[in-house]
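Student: Okay, handing you the structure first.
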Amino acid sequence: MFHTALCAILGIKYPILQGALGGVASAELVAAVSEAGGLGVLASVYLKPKKLTEQIEKVRSLTARPFAVNLTPISSSFMEVAQVVAAAGVDIVTTGRGDPRLDVVGLLKRRGIKVLPVVPTVRHARRVEEEGADAVIASGYEAGGHVGRVATLPLIPQVVDAVRIPVVAAGGFFDGRGFLAALALGASGVQMGTRFLATAECMLPPRHKERILHAGEEETLVTKMLTGKPVRVLHTRAVEEWNAAEARGAGEAELRALKWQVRQRAWEQGELVHVVAGQAAGGVHDLPTVAEVIERIIAEAQDVAGGLARVAEVGAPTTAT
Ligand SMILES: Cc1cc2nc3c(=O)[nH]c(=O)nc-3n(C[C@H](O)[C@H](O)[C@H](O)COP(=O)(O)O)c2cc1C
C-alpha cells in the first residue's frame, strides 16, 4: 500500500522524504530515514566539500538504501559542490531555493543524477519539468525554512494538474492524515522537515527541540533576517524585533547592527535567536525515533483510508442518535 510512482523512481519503500535540514541533518538522521523505508536527504548548505564527502561516506556506511543530497544553488560554490556530489556517485539530488540563471537540473542530469527540485509555484514546476527533472517537490507557505507565497492545499493540486512528473507535497505534513490528504490531492508522496527535527536521531540541540514540542500552530513567523529571503521560523523576541525594524523601513546598516545586537543579547541572556521550523510544529508533541515516525504515519494513513472507504460505501456517518 502507498507504493507510488515516486517509490519506483527512487527505489524506496514509502513515499516519505526527509526534507533537507541545513545544519541539523547529520548522516545518522539521513541514514535512519532511508533505513526506515523513506528517503533521507543530506543537506550540503553548511558543509565544506571535504566534510560533505565524509558525510556522504558516513551515510553509506550506515545504510545500503537510497538517499539524496540537497544542493542550494545560491552560493558561488554551487558548481564545486555539484562536482563533489557527482564525483561521490550520489544518485539522487534535491535542490532548494536557487539562482534561476543556473542550469542546475541540466548540469546534474548530464551526470546521470536524478533531480527533484523544490518549487513554490506552478510556473517553477513547469520550468523544472521542461529542464528534465525526475519529480518536483512543491512546497507551501506553511513549511519550515524558505517559503513561497502559496499555501500547500491549493498549491499541490494545481502543480499536479500542470506537470506529468510525480509531485511531492511539502509544507505542513506531520502525520498519517496529512500524508493521505497529499495523496488524495494527487501527490506521489510527502516531504517533511519540521516533524523530523523532533526525533531522537536529529542533532538539533535539546532546547530547540523543546521549543518545537511546545509551540502552538500560530507560533511561527516569516523573516528575511536569516538569508535575506523569506524563511519560516518559530516566534522569538529577536526575530520579532528584527521584523519590526524592517517593517518600519530600517536601512541595511541598522538591520545588520540590530542582528549583532540581538545575537549578543541572546548569548548573554540565554535566549534563542531563531529556530527554523514550520507551522507543523503545532502538531508535533513528542520525540520518537525516525522509524516510529514513519511507521505511525503509514499505519494511521491505512486506518484513515479504511475509514474513508467505509464512508464511501455506506454514506457519511451521522453524529446524533
Ligand atoms: C531547520 C530547517 C532547515 C532546512 N534546510 C533546508 C536546506 O538546507 N535546503 C532545502 O532545500 N530545504 C531546507 N529546509 C526545508 C525542508 O527541507 C522542507 O522542505 C520543509 O521543512 C518542509 O516543510 P515542513 O517543515 O512543514 O515539514 C529546511 C527546513 C528546516 C525546518
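Student: Taking Cα centroids, how far is the range 56-74 from the range 235-289 in Å?
Tutor: If you average the Cα positions of each part, the centres end up 30 Å apart.
Student: Next question, about the same structure. Give a quick list of trypsin sites (Lys or Arg not before Pro) in the range 94-175 that DSSP marks as loop, anything other than H, G, I, E or B, with at most 13 other Cβ atoms within 10 Å.
Tutor: Passing both the DSSP loop test and the Cβ count: Arg101, Arg110, Arg149, Arg164.
Student: Moving on to the next point. Using a 7 Å offset from the Cα along the Cα-to-Cβ direction at both Leu102 and Ala88, what is the distance between the two label points in nm, to one decimal?
Tutor: For Leu102 paired with Ala88, the spin-label model returns 1.5 nm.
Student: Give the long-range amide H neighbours of Lys114: residues separated by 5 or more places, or on another chain, with amide H under 5 Å away, using H modelled in the peptide plane at 1.01 Å from N.
Tutor: Correct list: Ile92, Val93.
Student: Determine the percent antiparallel among the DSSP beta bridges restricted to the chain, to the nearest 5.
Tutor: Percent antiparallel among DSSP bridges in the chain is about 20.
Student: Same structure again: Please list Leu255, Leu308, Leu108 in order of solvent-accessible area, largest first, computed with a 1.4 Å probe with all protein chains present.
Tutor: Leu308, Leu255, Leu108
Student: Take each complete run of DSSP H in the chain, measure how far its Cα atoms stretch along the helix's own axis, and keep only those covering 18 Å or more with mean Kyte-Doolittle hydropathy at least -0.5; list them.
Tutor: In the chain, the long hydrophobic H runs are 290-314.
Student: Using the structure shown, list the pairs from Lys58/Lys259; Lys13/Lys229; Lys51/Lys109; Lys13/Lys58; Lys114/Lys259 with a Cα-Cα distance above 31 Å, or answer none.
Tutor: Over 31 Å Cα-Cα: Lys58/Lys259; Lys13/Lys229; Lys114/Lys259.
Student: What percent do you get for the relative contact order of the chain when only Cα pairs under 8 Å and 6+ apart count?
Tutor: On the way: 618 pairs, mean separation 50.8, N = 321.
Computed value for the chain: 16 percent relative contact order.
Student: I'd like the distance between the alpha-carbon centres of the range 7-27 and the range 132-199, rounded to an integer number of Å.
Tutor: Taking the Cα centre of the range 132-199 as reference, the centre of the range 7-27 is 13 Å away.
Student: Whose amide H sits under 5 Å from the amide H of Leu71, counting only residues 5 or more places off or on another chain, with H placed in the peptide plane?
Tutor: Thr94, Thr95, Gly96
Student: Further, regarding this structure: Work out the FRET efficiency for Ala257 and Ala200 from their Cβ-Cβ distance, taking R0 = 35 Å, and round it to the nearest 0.05.
Tutor: Computed FRET efficiency for Ala257 and Ala200 comes out at 0.35.
Student: Would you work out the relative contact order for the range 2-142, in percent, from Cα pairs under 8 angstrom that are 6 or more residues apart?
Tutor: Working: 241 pairs, mean separation 23.7, N = 141.
Value for the range 2-142: 17 percent.
Student: Which of rounded, prolate or oblate describes the range 1-131 when judged by the alpha-carbon gyration tensor and an a/c cut-off of 1.5?
Tutor: Taking the square roots of the gyration eigenvalues as a ≥ b ≥ c, the range 1-131 is oblate.
The values are calculated or read from the model by the stated rules, or taken from the named source; none is laboratory data. Note that the structure is predicted; figures quoted are calculated from it, not measured. Note: ideal-geometry Cβ built from the backbone for every residue, glycine included; neighbour counts use all protein chains shown. Just so you know, the surface numbers come from the protein's heavy atoms only, side chains and all, with ligands and any DNA or RNA stripped out. Shrake-Rupley method; radii C 1.70, N 1.55, O 1.52, S 1.80 Å.
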